[in-house]
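Novice: Below: one structure in structure tokens.
The values are calculated or read from the model by the stated rules, or taken from the named source; none is laboratory data. It should be emphasised that the depicted structure is a prediction, and the values quoted were computed from it without experimental measurement. Cβ sites come from the backbone with ideal geometry, for glycine too, and all protein chains shown count toward neighbours. The protein model used for the area step is the full one, side chains on, heavy atoms only, and it has no ligands, DNA or RNA in it. Shrake-Rupley method; radii C 1.70, N 1.55, O 1.52, S 1.80 Å.
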Amino acid sequence: MSDEGKRYLFDNPRNVRLVVRALTWVCVLLVVVELAFHRHLAHPWEALFGFYALYGFVACVLLVLLAAEMRKLVMREEDYYAREPGDRRAGDEDV
């Protein structure tokens, strides 16, 4: 069974742009809603306008950077699981 002719939802660039625009509008709306509602704060820095948006953005960037560094630690060669049990290569360690 071949999937060569099958098109998926995000194969169309128009659909990708639509999702990105929708998410952008939701983010903008949430920041605007922040003006209308009183929040019960636990820490003084939460009083900054857009704190949660900034906090979320910084957290996502840090997660991506951390994942890129962790990849160096846990990455295995392409044929790691296809090798014979006694076949050892440079970089393999006994666990």
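Novice: Restricting to segment 1-42, name every residue that is open to solvent by 100 Å² or more (accessible area, probe 1.4 Å), assigned to a loop (DSSP other than H, G, I, E, B) and more than 25 Å from residue 56 (Cα to Cα).
Specialist: Our first condition is that a residue be open to solvent by 100 Å² or more (accessible area, probe 1.4 Å); within segment 1-42, this holds for 1, 4, 6-10, 14, 17-18, 21, 23, 25, 29-30, 35, 37-38, 40.
Those still in the list that are assigned to a loop (DSSP other than H, G, I, E, B) too: 1, 4, 6-8, 37-38, 40.
Within segment 1-42, 1, 4, 6, 7, 8 qualify.
Novice: Shifting gears a bit: Which pairs do you get when a residue that is in contact (Cβ under 8 Å) with a residue 12 or more places away in the chain, found in segment 53-69, comes within reach of a residue that is surrounded by 10 or more Cβ atoms within 10 Å (Cβ to Cβ) and not acidic (Asp, Glu), reach meaning Cβ atoms under 8 angstrom, with the pair 6+ apart or on two chains?
Specialist: Final answer for the pair search is 53/27; 53/30; 53/31.
Novice: Count, please, the residues in segment 70-83 that happen to be open to solvent by 100 Å² or more (accessible area, probe 1.4 Å) and under 17 Å from the mean Cα position of the chain (by Cα).
Specialist: Adding up the residues that qualify gives 1.
Novice: So which of 62, 48 is over 24 Å from the mean Cα position of the chain (by Cα), surrounded by 10 or more Cβ atoms within 10 Å (Cβ to Cβ) and among the hydrophobic types (A, V, I, L, M, F, W, C)? If you could, list the steps in order and put the result at the bottom.
Specialist: Details: 62 fails: over 24 Å from the mean Cα position of the chain (by Cα).
Step by step, each of 62, 48 is checked, and only 48 is over 24 Å from the mean Cα position of the chain (by Cα), surrounded by 10 or more Cβ atoms within 10 Å (Cβ to Cβ) and among the hydrophobic types (A, V, I, L, M, F, W, C).
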